[in-house]
Amino acid sequence: MSGSEGGAASLHPETRLVHAGTLRSQFGETSEALFLTQGHVYDSAEQCEARFLNKDPGFQYARFSNPTVTMLEQRMAAFEGAEACRATATGMAAVTAAVMGLVRAGDHVVAAQALFGSCRYVVEEHLPRYGVASTLVNGPDIEAWRKAVRPNTKVFFLESPSNPTLEVIDIAAVAAIAKEVGARLVVDNVFATPLFQRPLELGADIVVYSATKHIDGQGRCLGGLLLASEELIQTEIQTYLRQTGPAMSPFNAWVMLKALETLPLRVRRQAQSAAVIADWLAGQEKLSKVIFPGHKNHPQAATIAKQMSGPSTLIAFEVASGKDAAFRLLNAMKLIRISNNLGDAKSLIVHPATTTHQRFTPEVRASMGVTDGMIRLSIGLEHPDDLIADIKQALATV
Ligand SMILES: Cc1ncc(COP(=O)(O)O)c(C=O)c1O
């Protein structure tokens, strides 16, 4: 197998997403090969021993690494400008590995309160079971992060923009406080996509993705990605992943690897359509609120201008009359389908209060900004005029 190619930092991101990390077998295939194998054979017991001692480079067992998964990791690292990347079976596996890898019993974590339901579960309920306390703060309030710090604070965790409220947090400002107090900042960059926001350059220590979303982008496979410095991966993450086993399947890695080639085309087009649709929604009187990171009236517009190079493929909006009206709207959709996934080629719509954030009390949901009338819309690759026509006919039922 020949060495990895095409990852030079001087190349444009689009070029790196097509070529970086490619490992060619002796057959010289054009498209990356799918190595659907659990393990690898060794020429001798001595070579096997050396491989386990990391003295002989090569692959051992797919829970540790696999050539197709490695290609995805190398391509993603080149795109993100990270020294290292590890792929996991799901986005939640990447989030959990990042946080669990960094903490020990007795430590403390500070996290933004506006989080995807499962991320909030990990911070608020899972960590305390193992003796790791957590404090949730109002993410955009930078002083709140500082005030929440304790002598044993080891991790800051945030999502920006958040799911589903599209709240944006000043990553550089939070990273500066983390550095000052000796904590590591983990950023879930799913909603921004690697195209529009680069947390490592803003000072984050680890970036995580649900690759299930824009990276696959066509609703086929689950996956997660975790990016950081080689040192951090080696000291805090690698052993956790290897021994606890949330590995990505080679098949899913192959799908994601091929999907990365088209990520900029898809995400730029989806964000352009989202901007058109968000503008149209802003003019609808039945809606009490439209939140879109590309809008000048977004509550954190100044931070967005500073740290994001594009808006989002997601829009959050509120029907003034609450849950029943929101359900009528969802049920009347013809083209846009009800689904809790996002970042797909197909436009998808969901009612967060009864799905992704259903397990929280109404008070907690209110503190996160998830109201009964809130709807999350993920814009796909359809023509925006067709999507507007669908929303228009559905809004007539509200
Ligand atoms: C912000 C965010 N983080 C993490 C996840 C978890 O990803 P996965 O479903 O791939 O585990 C999601 C899924 O919706 C998400 O929206």
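The values are calculated or read from the model by the stated rules, or taken from the named source; none is laboratory data. Quick caveat, the model's predicted, so the values are computed rather than measured. Neighbour counts run over all protein chains shown; Cβ positions are idealised from the backbone, glycine included. Only protein heavy atoms, including side chains, enter the accessible area calculation; ligands, DNA and RNA are left aside. Shrake-Rupley method; radii C 1.70, N 1.55, O 1.52, S 1.80 Å.
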| message | Looking for something within 18 Å of the chain's Cα centre (by Cα) and among the hydrophobic types (A, V, I, L, M, F, W, C) - is there at least one such residue anywhere in the range 318-333? | response | no
| field | Hits in the range 129-167 (condition: among the hydroxyl-bearing types (Ser, Thr, Tyr) and part of a strand (DSSP E or B)) | value | Ser134, Thr135, Thr153
| query | Under 7 Å by Cβ, and 6 or more places apart or on different chains, what pairs join a residue from the range 207-221 that is touching a residue at least 40 places away in the same chain (Cβ under 8 Å) with one that is within 12 Å of the ligand (Cβ to nearest atom) and charged (D, E, K, R)? | reply | Val208/Asp188; Gly217/Asp344; Gln218/Asp344; Gly219/Asp344
| request: Among the residues of the range 61-96, count how many are over 14 Å from the mean Cα position of the chain (by Cα) and either part of a loop (DSSP other than H, G, I, E, B) or away from the ligand (no atom under 15 Å from the Cβ) (or both). | output: 21
| remark: Taking the range 296-324 and keeping only residues that are out of contact with any Gly (no Cβ under 6 Å at 6 or more places or on another chain), surrounded by 15 or more Cβ atoms within 10 Å (Cβ to Cβ) and among the charged types (D, E, K, R), one is left with Lys323
| request: Return the total of residues in the range 50-78 being crowded, with 23+ Cβ neighbours inside 10 Å and farther than 10 Å from Leu225 by Cβ. | output: 6
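Having 2 or more residues that are within 22 Å of Ser339 (Cβ to Cβ) is the bar; report the helices (runs of 4 or more DSSP H) wholly within the range 175-269 that clear it.
250-260
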| Any residue at all in the range 380-395 that is open to solvent by less than 10 Å² (accessible area, probe 1.4 Å) and touching a Pro at 6+ places or on another chain (Cβ under 7 Å)? | no
| field | Matching residues in the range 97-119 - criterion: being within 16 Å of the ligand (Cβ to nearest atom) and either surrounded by fewer than 23 Cβ atoms within 10 Å (Cβ to Cβ) or free of Cβ contacts under 8 Å to residues at least 12 places away in the same chain (or both) | value | Met100, Gln113, Phe116, Gly117, Ser118
| message | So in the range 156-174, with the set limited to residues that are surrounded by fewer than 24 Cβ atoms within 10 Å (Cβ to Cβ) and away from the ligand (no atom under 16 Å from the Cβ), which one is farthest from Pro194 (Cα to Cα)? | response | Ala173
| task | Looking only at the range 176-192, decide whether some residue is within 13 Å of the ligand (Cβ to nearest atom), under 22 Å from Arg16 (Cα atoms), open to solvent by 10 Å² or more (accessible area, probe 1.4 Å) and aliphatic (A, V, I, L, M). | result | yes
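The rows are residues; the columns are (1) within 30 Å of Lys323 (Cα to Cα); (2) in contact with a Pro (Cβ under 6 Å, 6 or more places away or on another chain); (3) among the basic types (Lys, Arg); (4) open to solvent by 50 Å² or more (accessible area, probe 1.4 Å).
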| position | (1), (2), (3), (4) |
| --- | --- |
| Val208 | no, no, no, no |
| Thr212 | yes, no, no, no |
| Ile237 | no, no, no, no |
| Ala253 | no, no, no, no |
| Met256 | no, no, no, no |
| Pro264 | no, no, no, no |
| Leu281 | yes, no, no, no |
| Lys286 | yes, no, yes, yes |
| Gly294 | yes, yes, no, no |
